[in-house]
Ligand SMILES: Nc1ncnc2c1ncn2[C@@H]1O[C@H](COP(=O)(O)OP(=O)(O)O)[C@@H](O)[C@H]1O
Ligand SMILES: [Mg+2]
């Protein structure tokens, strides 16, 4: 059995009066990929953003319950959210590299952490870009703008940027939905190569992507977690009728 790395307990989140998460209990295991699936508006992104307190940035949000990361409640006073977001990094639907060079994108977080030595920065840039399977694409363009790359290359640079600060957990919110199928496939392969070294949580609307890459799948509906199980079990033998209806395309 893999070790628990993060778990939520009776997690509720309200945007003003609107309850977007209705008491979520979910435990993620170290080194696994968990897919979050469910129709638009069911709370997948909201849940993902709870895990590194990105919802703090949204006005009028109330959260109750807890998120235990390595045994400590991230909503507690000891949490430094800047540090938390390095340990629990995020990749978004639209590739969002900084408008700087590829090299500066990768070293940005390292410099904030106080890494200054050029050899060390060079080495981490190369390792991170290799781990994100984009080194061959960019090794001759490290000092060109990251915005000049294709969408798929930009997204892999964004993954490399997260890897560079050595996170424990990577949150990915529909990371391939803005990309063409070839670029999507490359991202999927990258995630599969990283599996085991990092814990990942991926929101996806693509059922075949969820079944190809994830170990566990969580099905959300209207702010509730309906079913959470091994991905094979969810897709081959779901226990809840609503899960079955969703994965077989009867709604959503
Ligand atoms: N920034 C926000 N402000 C207010 N309501 C929001 C915000 N983000 C999401 N919501 C609402 O919360 C619910 C869940 O949204 P979301 O987590 O984005 O769902 P999903 O990612 O599954 O499509 C929806 O009703 C949505 O309208
Ligand atoms: Mg979403």
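Miscellaneous remarks
- The chain: angle of helix 181-194 to the longest principal axis, Cα-based, in degrees nearest 10: 90 degrees
- Degrees between helix 151-164 axis and first principal axis of the chain (Cα, 0 to 90, nearest 10): 90 degrees
- In Å, descending, principal axis extents of the Cα set of segment 100-245: 56, 30, 25
- The listed peptides 131-143, 33-45, ordered by packing as a protection proxy, come out as 33-45, 131-143 (highest mean of other Cβ atoms within 10 Å first).
- Label sites at residue 177 and residue 2, each approximated as a point 7 angstrom past Cα along Cα to Cβ, lie 2.3 nm apart.
- Computed from Cα atoms, the angle from the helix 118-131 axis to the main principal axis of the chain rounds to 40 degrees.
- Site pair residue 117 and residue 193 shows an inter-label distance of 2.7 nm when each label is modelled 7 Å from Cα along Cα→Cβ.
- DSSP bridge orientation in segment 4-247 - percent antiparallel, rounded to nearest 5: 60 percent
- For the chain, convex hull volume per residue from C-alpha positions, Å³: 128 Å³
- Full extension of the chain segment joining residue 230 with residue 12 gains 76.1 nm, where the gain is 0.36 nm per residue of separation less the Cα-Cα distance.
- Ellipticity estimate at 222 nm from DSSP helix runs (n ≥ 4, -39,500 (n - 2.57)) divided over the chain, nearest 500: -10000 deg cm²/dmol
Where a number appears in this text, it was derived from the coordinates with a stated rule and is not lab data. From a predicted model like this one, the values you see are computed outputs, not experimental measurements. Note that we place each Cβ from the backbone using ideal geometry, even for glycine, and neighbour counts take in every protein chain shown.
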